[in-house]
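Q: I am attaching a structure below and will ask some questions about it afterwards.
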Amino acid sequence: MIPTETAGKILEQELQWFHKVLLSRVEHYFDPEKAGADPLQLPPPGLDNDSSHYAKLVNYYQLVPEERLVLMLALAPDIKPESLDIFFTQNSDFERGFSEFGGILGKRHGGFIPTIETAYFLLSGGSIRHRLLYAHLFENTH
């Protein structure tokens with residue numbers, strides 16, 4: 001397989017996992033009694049036997065699943081913007097988007113552009129305790 005095909009395959013698998021976690025997080029947030037296990041318990045794809053640049057990066061830096069989710073969140077607007085469309089959900093109480101989703105609308109990009117607030121939502125689902133737990137991911141030294 002040529003490198004572009006390999007990278008595309010690996011990124012597609014990673015994005016599928018990311019999307020499952022994202023949908024599960026939203027379900028947890030809006031209906032915690034109906035939702036299943038913690039979204040962060042969904043296992044990421046294995047990359048041990050992969051030689052793509054993405055897998056090398058993940059393995060070299062020994063990225064944990066939460067870091068991989070944030071990386072996918074950052075890449076999604078460019079490689080699969082429709083995966084973030086769920087963040088366009090409107091808060092019917094205020095007739096606007098949900099503040100806790102974060103994000104911005106670009107002037108030249110028609111999709112959702114995530115912010116750190118979006119990453120916090122993905123990782124913590126609104127839990128202040130978990131938000132504090134993941135704050136280190138966004139420090140300059142990380």
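Q: In the chain, which longest range has no GluC sites (Glu not before Pro) that are both DSSP loop (not H, G, I, E or B) and surrounded by at most 15 other Cβ atoms within 10 Å?
A: The longest uninterrupted stretch comes out as 34-94.
Q: Within segment 60-142, which trypsin sites (Lys or Arg not before Pro) sit in a loop by DSSP and count at most 16 neighbouring Cβ atoms inside 10 Å?
A: On the way: sites: Arg68, Arg96, Lys107, Arg108, Arg129, Arg131; in loops: Lys107, Arg108.
Answer by residue number: Lys107, Arg108.
Q: Which helices pass in the chain if a helix is a full DSSP H run, must span at least 15 angstrom along its long axis by Cα, and must have mean Kyte-Doolittle hydropathy not below 1.6? Mind dumping the intermediate values first?
A: Details: long enough: 3-30 (40 Å, -0.38); 65-79 (20 Å, 0.75).
Helices meeting the span and hydropathy rule in the chain: none at all.
Q: GNM, the chain, Cα, under 10 Å: largest mean-square fluctuation among Gly103, Gly126, Gly46?
A: Result: Gly46 has the largest fluctuation of those listed.
Q: May I pose another question? Here are several values of percent of Cα pairs over 24 Å apart: [x] 33; [y] 23; [z] 38. Which one was derived from the coordinates shown?
A: So the calculated entry is the one marked [x].
Q: In whole angstrom, note down how far apart the Cα centers of segment 92-134 and segment 12-83 are.
A: The two parts, judged by their Cα centres, are 16 Å apart.
Q: So, one more: In segment 84-142, which chymotrypsin sites (Phe, Trp or Tyr not before Pro) are in a loop and have at most 16 other Cβ atoms within 10 Å, using DSSP for the loop call?
A: On the way: sites: Phe87, Phe88, Phe94, Phe98, Phe101, Phe112, Tyr120, Phe121, Tyr134, Phe138; in loops: Phe94, Phe98.
Those that pass, being in a loop and sparsely packed, are Phe94.
Q: Continuing with the same structure: For the chain, modelled as a Gaussian network with Cα springs under 10 Å, which listed residue fluctuates most, Ile113, Ile128, Ile79?
A: Result for the chain, Cα springs under 10 Å: Ile128 fluctuates most.
Bear in mind these aren't lab numbers, they're just calculated from the coordinates by the rules spelled out. Keep in mind that what you see is a predicted model, and the values were worked out from it rather than measured. Cβ sites come from the backbone with ideal geometry, for glycine too, and all protein chains shown count toward neighbours.
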